[in-house]
Amino acid sequence: MSKKKYPQRAPKRNYFAELSKTAEGRAKRAEWAKQPRKNPGRPAGVPHGYTKETIEPIRAKAKQEAERFVQIMSDNGEAPEDDFAKEALKTAVEVMRVPGETRERLAAARLVLDFTKQKPASKSDVTIGKAEGFLEGLLEQEEESTTDGTKAAADTEEAIH
């Protein structure tokens, strides 16, 4: 009996694996690796789904809106007086208006809120204030009832005697 050959079961021969077995092949591979890529992909800072050309007008519009926003705040007296703080606020508004990573946009929105709005009073302060008001109300009622009670007790004693 003769052995049957199965060409589909033959070991695979990878071109680059064969190339790396010789010194000339390794040199050729290193030379290829050093060459710049022809199409390296999206530039850094460009969000997924956009090209550099499509994101630039969106960024320019967002920058104009941010400058207008900070100018309106300055006119109303709500913007910070420090130039660095104004620049930080402009940048935060710009990042918030440009499509990109949700995490970055939320961080920018939080920063804008820190600049523009006062933080609400903490719950503990509100609770303490309510508790103090409640206790003061109880003390006032106690004093009123005590003064009324002593008058009532004095009136009943006079009536008995």
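Summary table below
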{"read-out": "Residues of the stretch 58-78 classified as free of Cβ contacts under 8 Å to residues at least 12 places away in the same chain and among the aliphatic types (A, V, I, L, M), total", "value": "2"}
{"read-out": "Condition met for Thr22 (at pLDDT below 90 and surrounded by 10 or more Cβ atoms within 10 Å (Cβ to Cβ))", "value": "no"}
{"read-out": "Residue match in the stretch 74-86 (condition: in a helix (DSSP H, G or I), more than 22 Å from Tyr50 (Cβ to Cβ) and hydrophobic (A, V, I, L, M, F, W, C))", "value": "yes"}
{"read-out": "Residues (exposed (fewer than 14 other Cβ atoms within 10 Å of the Cβ), assigned to a helix (DSSP H, G or I) and small (Gly, Ala, Ser)) located in the stretch 47-73", "value": "Ala60"}
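The values are calculated or read from the model by the stated rules, or taken from the named source; none is laboratory data. On a predicted model such as this, the values are computed, not experimentally measured, just so you know. For neighbour counting, all protein chains shown are included, and Cβ atoms are generated from backbone atoms with ideal geometry for every residue, glycine included.
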